[in-house]
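What follows draws every value from the coordinates through simple rules; no lab data is involved. On a predicted model such as this, the values are computed, not experimentally measured, just so you know. For neighbour counting, all protein chains shown are included, and Cβ atoms are generated from backbone atoms with ideal geometry for every residue, glycine included.
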Amino acid sequence: MNRISKQLIDISFHDYKKRDIHGTVNYPAAMVAPMQKLILSKYLSQEIQSIFDPFCGSGTSLIVARSVKEDIRIYGNDINPYATLITRAKLSGVDKSIEKDIEELKGKLRKSDEREGMRVPHFKGIDKWFRSDIIKSLSLIRNIIMQVQNKRHRLFFWCIFADIVRQYSNSRSSTFKLHIKEKEIIDSLSNNVVNDFVNKIIKNAPYYCHRPYKSKVTKKDALNFLPLLREKEFDMMLTSPPYGDNATTVTYGQFSWFALNWIDPLDLEMDGWETETSSILDSKSMGGSRRVRIHRLDEIQQDLIKPYVSTICVKKQKKVLNFFEDYFYFLDEAARITRRYIVMTLGNRTVDRVKIPLSDITAKYLETKGYVIRERLSRDIPRKRIPRVVSRVNGLAVDSMNKEYVVVAERKS
Ligand SMILES: C[S@@+](CC[C@H](N)C(=O)[O-])C[C@H]1O[C@@H](n2cnc3c(N)ncnc32)[C@H](O)[C@@H]1O
C-alpha cells in the first residue's frame, strides 16, 4: 500500500484559481502553472542553467521556471506577436512608479479633451466586431496607453487592454474562433469599458511588480528558427506545442486578431503579414495550410502514425499528415538543440472519431532520437472533470477524453 501511494501523485490542481500573474490575461490552451511547477521542482537541478520554450504562448513555463530557479537563463519564442507581447510583459514586470502612471491614466480618462484628435484604428470588420460607442471608449484608452513613456508599464497596460477589447467585442466568449453574438445580446451590452479597464489594471498590477527577469523572447516561426540554433544550445526544453493544425484545433490566431489590431503596432513585433486576414496566423502556424513543406515523413515516422491515419477518411488525412510533417521536423530539431531534458505537455486530438495519441507517438519518437522517457503524467483538463491523475515512471499513460499528458525525456548521452 505504501509503495503504491508513493507512486501516485495528485496533479489535478482542480482547486487552482489563478489568483496570480497567470490569471491576469486570457490565452488559449495555457499551461496549468502548478503542474509545471511540480515538474520543474523535480528536474531543474543545479546543473540545468537554461530553459527554452519555442511555443511559449502566454509564457507560463518561463515564469514558473524563474519562480523555481532564480538564476535560470530564460528563452521564449512564439509565432504570434500577441503571445510574445504577453510573455515579455510578464517577464519584464513593472516597478513602483506604476502607481503614478495609473493615476495619470485615470486623470486623462476623465478629461474630455483627450477625446479630441483621438486616433481610431482601422481594420477590416471593426464595425462588425465592435459597437460604435465601444470603439470610442477603446480608442480613448488606446491613445492614452500610447502616451505612457515607461515601456514595461505600457506592455502591462496592453495586456489588460487586450482582455477588455475581447470582452467588449461582438464575438462570443464561448469559442476562440470569431463568431458573432446575437443582435439582442450586442444591443443589451452596457458600456463599462473605462471603469472595467481601470479596475483590472489596479487589481493586476501587484502581480507584475518585480525587477525585469533576464530573458530573451523572439517572435519567429519555430520551424525556421530552431535549425539556426546550435546543438545542445539549451539544457532543458519545456513546451506545449499545438497538437493539430490551428484551424481545426485551437485558433490562437483568430483569438488574437483583435489584440493585434488594437495594440499599437510599435509595441508588437510584427513582420506585417500577421494582420492581413484573421486566419493567416493560424494557417501559417504549425500544421497550417499555408506553410511550405519540404520535409517528407521517413519510414519510422510513417510507421508511428500509420495505425491512426489509415483509419481516417481520405479527405481529413491530408491535414493530419501536414501536421505530422511539421511536428516530426520540430522533434528532430528539439532533440538536437536540447542538452538534457525535453518536457512536453500534449493533448491527444480526435479526427474522424479516431484518437491520435500524440503523447505516445512523441515518447516513442524521442526514444528513436537517443532519449529515454523518464516520466509520463496524465491529468484531466481543468474544470472539465473530476480529477483523477496518476504518475507512472516508465509506464503507459491512461487514455481517455479531455486529458492532457506530460512526457519527460532525457538525452542518453
Ligand atoms: C499550446 S499553445 C502554448 C501555450 C503556452 N504554454 C501558455 O501557457 O500560454 C501553442 C503555441 O504555439 C504557437 N505556435 C504555433 N505554431 C508555431 C510555430 N510554427 N512557431 C512558433 N510558435 C507557434 C501558437 O501561437 C501558440 O501560442
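See the values below:
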quantity: Over the range 98-208: Kirkwood hydrodynamic radius from C-alpha pairwise inverse distances, Å; calculated: 14.8
quantity: Directionally averaged projected area (convex hull, Cα atoms, the range 202-343), nm²; calculated: 11.7
quantity: Chain lengthening between Lys220 and Thr368 when straightened (0.36 nm per residue, less Cα-Cα); calculated: 50.5 nm
quantity: Highest average packing first - 336-344, 50-58, Cβ atoms within 10 Å; calculated: 50-58, 336-344
quantity: Globularity index of the range 1-116, i.e. its alpha-carbon radius of gyration over 2.2 N^0.38 Å; calculated: 1.41
quantity: Members of Lys17/Lys403; Lys42/Lys69; Lys90/Lys151; Lys37/Lys219; Lys17/Lys90; Lys37/Lys412 lying beyond 21 Å, as alpha-carbon distances in this model show; calculated: Lys37/Lys219; Lys37/Lys412
quantity: 16 Å cut-off, amide nitrogen to a point 7 angstrom out along Lys316 Cα→Cβ, residues in the range 353-382; calculated: 353-358
quantity: Student exercise, the chain dipole from Lys, Arg, Asp, Glu Cβ charges, in Debye to nearest 20; calculated: 700
quantity: Histogram of C-alpha separations across the range 149-226, 5 Å bin width, %; calculated: 3, 11, 16, 16, 15, 15, 12, 7, 4, 1
quantity: Label point distance in nm, Gln167-Gln147, each placed 7 Å from Cα along Cα→Cβ; calculated: 2.3
quantity: Relative contact order %, the chain, counting alpha carbon pairs below 8 Å whose residues are six or more apart; calculated: 19
quantity: Degrees between helix 132-146 axis and first principal axis of the chain (Cα, 0 to 90, nearest 10); calculated: 80
quantity: Order by protection proxy (mean Cβ within 10 Å, highest first), peptides 308-315, 73-80; calculated: 73-80, 308-315
quantity: Mean separation of Cα contacts under 8 Å (6+ apart) over length of the range 98-208, as relative contact order %; calculated: 31
quantity: Mean projected area (nm²) of the alpha-carbon convex hull when the chain is viewed from all directions; calculated: 21.6
quantity: Cα long-axis angle, helix 358-368 against the chain (0 to 90 degrees, to the nearest 10); calculated: 50
quantity: The chain: angle of helix 252-262 to the longest principal axis, Cα-based, in degrees nearest 10; calculated: 20
quantity: Lysine pair count for the range 231-342 [Cα-Cα under 23 Å; pairs on different chains or 8 or more apart]; calculated: 8
quantity: Whichever lysines have a C-alpha closer than 25 Å to that of Lys183, once near sequence neighbours (fewer than 8 apart) are set aside; calculated: Lys124, Lys128, Lys136
quantity: Peptide ranges 348-358, 232-242 listed from the most packed, as the mean C-beta count within 10 angstrom indicates; calculated: 232-242, 348-358
quantity: Contact order normalised by residue count of the range 251-358, Cα under 8 Å, 6+ apart, percent; calculated: 22
quantity: Fewest-first sequence of Trp158, Trp273 by Cβ atoms within 10 Å of each Cβ; calculated: Trp273, Trp158
